[in-house]
Amino acid sequence: MVARYLLAFVPLVAAATTYRGDALKALTEPSTVPDGPVYVSLPTPQEGNYRVTVTLGGERESTTTVKAELRRLMVEAVHTAAGKFETRTFLVNVRTPQIPGGGEVRLKPREKAGEARAWDDKLTLEFIGTNPSVSAIEIEKADDVPTVFIAGDSTSTDQPTEPFNSWGQMLTRFLRPSIAVANHGESGESLKGFLGEGRWNKLLRMLRAGDYVLIQMGHNDQKEKGEGVGAMTTYKADLKRFVADARAKGATPIIVTPMNRLTFNDAGKITNSLGDYPEAVRTVGREDEVPVVDLNAMSAPLYEALGPTDAHLLFAGKDTTHHSDYGSYQLAKCIVESIRQQALPLAKFVVDGLPRYDPAHPDKMADFPVPAEPPANAAKPYGN
């Protein structure tokens, strides 16, 4: 459970607010398990993007990883010697269910409970690692930066607990602190559901010229039934609408093919379990001249590189759709690599020094640097 203390504070509009010492302690919930996460919940006056600067380190040697809101990876494994400090700056997007102009997003029950951090009016930070240490936090409103919005399903949403994770939670790690990520994905979503629940309307009301929208659906659209419903009909038409709506706001849409499920054939190759849905995305890309990140094509060599014996490490337990921290980290690298290979405008926001990535040669699990939270009795995400 995350601390929800309220303090008197200066509205974070014109000036930054810094929390340290007793003020920081009052907002902190210490971990109840060794090296477990420490949460800090900061009050925010309005939704939008915030620039956060953390000072890591303390009296003891520590290695600290920082996540934000619902486990979005911000800072990876910063080591500080005893008595030494390091600062890191990043951007965090905070949102509420209310839609500007009236109405609100129709949240699922889990979004009001275990996923509430993704929708409340506070900015939550998580510090985890070996003796995770934070000595100061500075926060200020950041209205001057572009935003990458994500419209997606369970494979891109901010998953609340281990062993589940998504590429949307890892993408933040690979982008510079000059662009924010607003993850509007949610488990169980299809393009039709995203429209009907007000999620697309909410996203559009927040979208500004110069922003980006990553759109990845298909896993749940595939299961929708009815006369005329299908990949090359209703799904394709709705995807074209999303693209047109984003462009009308002056934003740049990027459509993403759904990654494969874990379905090997006897020859050790991944089989297509998504029908025509990946091809429908590619077709929209050609017809509407919109960039396509072909995660479907990239995920096959990724899974095959580990093979039928070890590919399960990319997934959450025995799940064959939803990914582990390690798997989603690799998929986020796939997306970033595709953006760079195509020289898309978003590529200028990729962090400096990131090596090129070949999904056929993924990072070794033994070298994966992101610590997991304590195990939880996690319910399987909506959708498959």
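In the stretch 51-86, what residues are part of a strand (DSSP E or B) and of a type in the set (A, V, I, L, M, F, W, C)?
Within the stretch 51-86, V52, V54, L56, V66, A68, L73, M74, V75, A77, V78, F85 qualify.
Counting only residues that are polar (S, T, N, Q) and part of a strand (DSSP E or B), which one in the stretch 35-50 is farthest from P100 (Cα to Cα)?
By that ranking, first place goes to S41.
Give me a count of the residues in the stretch 1-34 that are modelled with pLDDT of 80 or more and assigned to a loop (DSSP other than H, G, I, E, B).
1
If I filter the stretch 291-346 down to residues being small (G, A, S), part of a helix (DSSP H, G or I) and within 19 Å of the chain's Cα centre (by Cα), which single residue comes out as farthest from D158 (Cα to Cα)?
This residue is S338.
Tell me yes or no: at least one residue of the stretch 319-338 is more than 29 Å from E111 (Cα to Cα) and surrounded by fewer than 13 Cβ atoms within 10 Å (Cβ to Cβ).
Within the stretch 319-338 (the criterion being more than 29 Å from E111 (Cα to Cα) and surrounded by fewer than 13 Cβ atoms within 10 Å (Cβ to Cβ)), the answer is no, since none of the residues qualifies.
Mind telling me which of the residues S166, S190, S178 ends up being polar (S, T, N, Q), buried (at least 22 other Cβ atoms within 10 Å of the Cβ) and assigned by TED's automatic domain parsing to the domain that holds V336?
Going through S166, S190, S178 in turn, the sole match is S166.
Hey, any hits in the stretch 355-370 for a residue that's at positive phi, part of a loop (DSSP other than H, G, I, E, B) and either surrounded by fewer than 21 Cβ atoms within 10 Å (Cβ to Cβ) or not hydroxyl-bearing (S, T, Y) (or both)?
No, the conditions are met nowhere in the stretch 355-370.
Give me the residue from the stretch 17-56 that is touching a residue at least 24 places away in the same chain (Cβ under 8 Å) and acidic (D, E) and, out of that set, surrounded by the most Cβ atoms within 10 Å (Cβ to Cβ).
E47
For residues in the stretch 251-277 being of a type in the set (A, V, I, L, M) and free of Cβ contacts under 8 Å to residues at least 40 places away in the same chain, which is nearest to R340 (Cα to Cα)?
Here the answer is I270.
Going by the structure shown, is L107 surrounded by 21 or more Cβ atoms within 10 Å (Cβ to Cβ), hydrophobic (A, V, I, L, M, F, W, C) and not in a strand (DSSP E or B)?
Judged against the criteria, L107 is not a match.
Kindly evaluate G185 against the criterion of being buried (at least 24 other Cβ atoms within 10 Å of the Cβ), farther than 21 Å from A142 by Cβ and of a type outside the set (K, R).
For G185, the condition - buried (at least 24 other Cβ atoms within 10 Å of the Cβ), farther than 21 Å from A142 by Cβ and of a type outside the set (K, R) - is met.
Please name all residue pairs, on different chains or six or more residues apart, with Cβ atoms under 9 Å, provided the first residue is in the stretch 351-365 and is among the basic types (K, R) and the second residue is not in a loop (DSSP other than H, G, I, E, B).
R356/E337; R356/R340; R356/Q341
Go through the stretch 254-279 and report how many residues are farther than 17 Å from D153 by Cβ and not aliphatic (A, V, I, L, M).
10
Please go through (1) of a type in the set (G, A, S); (2) under 23 Å from A180 (Cα atoms); (3) not assigned by TED's automatic domain parsing to the domain that holds R261 for A372 and return the number of the only condition it doesn't satisfy.
Unmet condition: (2).
Based on what the data block shows, is N384 more than 17 Å from I215 (Cα to Cα), at pLDDT below 95 and either of a type in the set (S, T, N, Q) or in the same structural domain as Q216 (by TED's automatic domain parsing) (or both)?
yes
The values are calculated or read from the model by the stated rules, or taken from the named source; none is laboratory data. Everything numeric here is computed off the predicted structure, so don't read it as measured data. Positions of Cβ are backbone-derived with ideal geometry, glycine not excepted, and every protein chain shown enters the neighbour counts.
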